[in-house]
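Visitor: Structure below; questions to follow.
The values are calculated or read from the model by the stated rules, or taken from the named source; none is laboratory data. Here the structure is a predicted model, which is why all the values come from computation and not from measurement. Methodologically, a virtual Cβ is constructed for each residue, glycine included, from the backbone with ideal geometry; neighbour enumeration extends over all protein chains shown.
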Amino acid sequence: MPLRHMFIDMNSFFASVEQQDDPTLQNKPLAVIPTDAQTTACIAASYEAKAFGIKTGTPVWEARKLCPRIIFKVANHRRYVIMHNRIVAATRSVVPVESVMSIDEMACRLVGDERKPEVAADTARRIKTAIRGLAGDYMRCSIGIGPNVMLAKVAADMQKPDGLTVLADSELPQALHRLQLTDFPGVGPRMEKRLKLYGIFTVEQFCQAPKKTLSDVWGSKLCGERWYRLLHGEDVPDTPTRRQTISHSHILPPALRTDEGAYGVLMRLVHKAAARLRKIKYWAGAVSVGASFLGDEPGKSVWWEESVRVPRCQDTQSFVSAATKLWEFRVRNRTPFKVGTVLSDLIPARSATPSLFDEDRQAEDISAAMDEVNAEFGASVVYLGAMFGMRDAAPTRVAFTQIPDFDRRVN
Ligand SMILES: [Mg+2]
C-alpha cells in the first residue's frame, strides 16, 4: 500500500511550550496543570517528569510524591494557540496540511514522489527543521508515515520524543505485531476486553481477524468493516468534521473490464468528483487515480494508485488532464475491475485565491457553465468522447454535460 499519509504529533506539547518560553524550566521535571489547586491533575508532563512516572492525568499530590522537586505551571492556553499556529505554518511551508486534529496533532496527505519512503522521511525531517526554526528548539515532534491516517498515527506513537517512523509495506506486519491492542487509537480498555472475548489477544490476531469477527466485536457491521480496511492499509476517510476529500470509485461491469472501458469510467468519475467539488464550493490541490486489476490467483487483486499535486482549482478540465497523465502509469496487461479517483487537499472556495491566468479562468467559466446546464436540464445530454458508452456505467447523483466548446478544449 502506498505511503499516503503523514501524522505529526508534538511531544509533551504544553510542557514543551513552557520550557521553550522559559529557559529556567528546561531540562527540569515540569507538569502543566489547569488551575492552581491541590486537587487537580496534570494535563501535560515534560520528558524529565515522565521519567518519574508522571503523565497526563496524574493527580498533583501523586506527582509531588513521585518527584518532590517537580515544578507546576498553570496552563497558558493563549501561548499554546500561538505556538500551534506557528507549528501549522512551519509544516505548511513544507507540505499542505490536510487536517488539524487537535492543538498538537495534524495530518498531511502525501502525493506523487512524496510517497517514496526515502522522500517521505526526508519531507518529515524538513518539517521538523521548519518547526524548530519557527517555534523553537524545544518544540519536538514525532512523525509517523503510513498508508492511512490511523496507521500513520500509530507510527507516530512508536518513537518518542523526536521520532520518525515510516510504515512501509515490507515492515508493516512486523512493526504492528510488536504493539499492544490499546496502542490503536479507538481501542481503550473496554474494547480490549471485548476483543479478548472474541479470541483476539494480540495485534497479529487483530490484523488477521475476519470482517465478521470485527463487526461482532464492535457490534456494528460498519465499524467492523472500517477497522478491517484500516488494519489492511486501505485509505478509509475519517468521518470528517470538515470535508477533506471527495472520492468516487466504481466496480466495472464485465463489458467495461478493458483498458478503454476503465479509462472511460474513470473520466466519468473525475467529472462527477469535479462537479461535486464545485457544488460544495471547494477547491482541490491534489488528484489521485487508482484501479484494481485481477491478480494471478483467483481472489487476489493488484491495486495501483498514483497522485499528483495541482495548482488549486475546481474546473473539470484541470482534473481530467491530471488524471489522464496519471493514467499513463497504470498497470498494463492486466484486467481492470475497479477504478476510482480522489480529489484532496481541499479548501473552501472563499479562502482560495482564484488563478491570475486567463486560461485557467476560462476553464473555470466553462465548468460553471456545465454545472448550470446540468442544473437546468438535470440529465447528461452530451458527454466526452472517452465516455462514449459509459453514460450508464457509473451511477450518477450529480448529472453532468458539456457545452460544445468543451470537447475541443480537452482534445
Ligand atoms: Mg502529543
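Visitor: Does Pro29 satisfy the criteria of being under 27 Å from Val166 (Cβ atoms), away from the ligand (no atom under 16 Å from the Cβ) and crowded, with 20+ Cβ neighbours inside 10 Å?
Guide: In short, no.
Visitor: Identify, please: which residue in the range 32-46 is within 12 Å of the ligand (Cβ to nearest atom) and out of contact with any Asp or Glu (no Cβ under 9 Å at 6 or more places or on another chain) and is, among those, farthest from Ile127 (Cα to Cα)?
Guide: Just the residues of the range 32-46 that are within 12 Å of the ligand (Cβ to nearest atom), to begin with: 43-45.
Within this subset, residues satisfying the condition of being out of contact with any Asp or Glu (no Cβ under 9 Å at 6 or more places or on another chain) are 43, 45.
Working: Ile43: 26, Ala45: 24 Å.
Only one residue tops the list, namely Ile43.
Visitor: Based on this model, can you work out whether Ile145 counts as within 16 Å of the ligand (Cβ to nearest atom) and either on the phi < 0 side of the Ramachandran plot or touching a helix residue (DSSP H, G or I) at 6+ places or on another chain (Cβ under 9 Å) (or both)?
Guide: No.
Visitor: Yes or no: Val203 at pLDDT below 90, of a type in the set (A, V, I, L, M, F, W, C) and surrounded by 15 or more Cβ atoms within 10 Å (Cβ to Cβ)?
Guide: It is false that Val203 is at pLDDT below 90, of a type in the set (A, V, I, L, M, F, W, C) and surrounded by 15 or more Cβ atoms within 10 Å (Cβ to Cβ).
Visitor: Now for a different question. Restricting attention to the range 91-124, and to residues there that are part of a helix (DSSP H, G or I) and within 16 Å of the ligand (Cβ to nearest atom), which single residue is modelled with the lowest pLDDT?
Guide: Within the range 91-124, the match that is modelled with the lowest pLDDT is Thr91.
Visitor: May I pose another question? Cβ contacts < 9 Å: first residue hydroxyl-bearing (Ser, Thr, Tyr), restricted to the range 329-342; second residue part of a loop (DSSP other than H, G, I, E, B), any location; separation 6+ or different chain. Result?
Guide: Pairs found: Thr335/Arg257; Thr335/Thr258.
Visitor: Please specify each residue of the range 287-306 satisfying the condition of being small (Gly, Ala, Ser), part of a strand (DSSP E or B) and more than 27 Å from Arg92 (Cβ to Cβ).
Guide: Ala291, Ser292, Ser301
Visitor: Among the listed residues Lys128, Lys55, identify the single one that is part of a loop (DSSP other than H, G, I, E, B), within 16 Å of the ligand (Cβ to nearest atom) and either in contact with a strand residue (DSSP E or B) (Cβ under 8 Å, 6 or more places away or on another chain) or outside the structural domain of Arg309 (by TED's automatic domain parsing) (or both).
Guide: Numbers: Lys128 fails: part of a loop (DSSP other than H, G, I, E, B).
Selected residue: Lys55, the only one of Lys128, Lys55 that is part of a loop (DSSP other than H, G, I, E, B), within 16 Å of the ligand (Cβ to nearest atom) and either in contact with a strand residue (DSSP E or B) (Cβ under 8 Å, 6 or more places away or on another chain) or outside the structural domain of Arg309 (by TED's automatic domain parsing) (or both).
Visitor: Here is a further query. Anything in the range 44-101 that is under 24 Å from Lys128 (Cβ atoms) and of a type in the set (Lys, Arg)? List them, or say none.
Guide: Those that are under 24 Å from Lys128 (Cβ atoms) and of a type in the set (Lys, Arg): Lys50, Lys55, Arg79, Arg86, Arg92.
Visitor: I would also like to ask the following. I'm trying to understand the selection: among the residues of the range 3-26, which are more than 14 Å from the ligand (Cβ to nearest atom) and assigned to a strand (DSSP E or B)?
Guide: Within the range 3-26, the subset more than 14 Å from the ligand (Cβ to nearest atom) is 3-6, 18-26.
Within the range 3-26, His5, Met6 qualify.
Visitor: Right, another one. With the structure loaded, tell me whether Asp157 is on the phi > 0 side of the Ramachandran plot and either at pLDDT 95 or above or in a helix (DSSP H, G or I) (or both) or whether it fails that test.
Guide: no
Visitor: Name, by its number, the condition in (1) at pLDDT 95 or above; (2) within 16 Å of the ligand (Cβ to nearest atom) that does not hold for Val81.
Guide: (1)
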